[in-house]
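Report on one structure; see the data block that follows.
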Amino acid sequence: MTEAQHVDDPQEAARLLAEKIKGVRFATFTTVAEDGSLHGRPMATQQADFDGDLWFFSYADSHKVEDVRRNPQVNLGYNEPQKNLWVNVTGTAEVVDDRAKMQELWEAPLKAFFPDGVDDPNLTLLKVTPARAEYWDGPSSSIGRIVAFARTLASGGKTPPGKDVKLDLEG
């Protein structure tokens, strides 16, 4: 099996991460629960220009906020099956109660989940600072996937059907 590529330059890693997750609206946001088990749930990433942090709205009294306060280690899983793209991000999360940042990130569709908007005193932000990420990127067309799969079979698994790239965002 071919080894994964590594990107150790934090700026290049951040650029690649931003490129890969751009337009992928939802992530599985996984926290460590009180009993030590992992708890994942779908959450919408706020589509601000990527500045190295990823932002999510939440209610301050939610279990995920409790989990983050107790153990800030989180994992985000993004996927775009139509593009044959999977991205995994590990990092630390923190609770941020900043109304100005909420106003900056607010989008009308969020009203469906947070009917009182940024005026809700229970609304908060979760900021995730990525440490490492990895993406798997393969051919997105049906024919491209078939050709890549056939090449992988013919090579006995030595030619993977796409790229596996590890990103170090800390340096």
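Every number here is computed from the coordinates shown, using simple stated rules; none is lab data. This structure is a prediction, so every number in the text was calculated from the model and none was measured. Don't worry about glycine lacking a Cβ; one is built from the backbone with ideal geometry, like all the others, and counts go over all protein chains shown.
If r is the Cβ-Cβ distance from Ser62 to Lys111 and R0 is 22 Å, what FRET efficiency results, to the nearest 0.05? My answer for the efficiency is 0.80. Modelled label positions at Ala100 and Phe26, each set 7 Å beyond Cα in the direction of Cβ, lie 3.4 nm from each other.
Other residues lying with their Cβ under 14 Å from the Cβ of Trp106 contribute a combined charge of -3, Lys and Arg counting +1, Asp and Glu -1.
Quick one: if the Förster radius is 22 Å, what FRET efficiency do Ala4 and Ala44 give, using the C-beta to C-beta distance and rounding to 0.05?
Efficiency, from the Cβ-Cβ distance: 0.15.
Normalised by the number of residues in segment 12-133, the mean separation of alpha-carbon contacts (under 8 Å, six or more apart) gives a relative contact order of 28 percent. Taking a straight Cα-Cα cut-off under 13 Å and skipping sequence neighbours fewer than 8 places away in the same chain, the aspartates and glutamates within cross-link reach of Lys163 are Glu3, Glu134, Asp137.
Among Ser62, Ser37, a tally of other beta-carbon atoms within 10 Å of each Cβ gives an order, fewest to most, of Ser37, Ser62.
Taking 25 Å as the straight-line reach from the Cα of Lys127, the lysines in range (excluding those fewer than 8 positions away in the same chain) are Lys20, Lys22, Lys64, Lys101, Lys111, Lys166. I want to make sure I understand the PRE zone here: with the label point 7 angstrom from the Cα of Ala33 toward its beta carbon, which residues in segment 60-84 have backbone N atoms less than 20 Å away? The answer is 60-77.
Modelled this way, with points 7 Å down the Cα-to-C-beta line, the labels at Asp53 and Asn122 are 2.4 nm from one another.
Please express the shape of segment 1-134 as an equivalent ellipsoid: the semi-axes are the square roots of 5 times the eigenvalues of the C-alpha gyration tensor, given largest first in whole angstrom.
Values: eigenvalues 131, 62, 38 Å².
Values for segment 1-134, descending: 26, 18, 14 Å.
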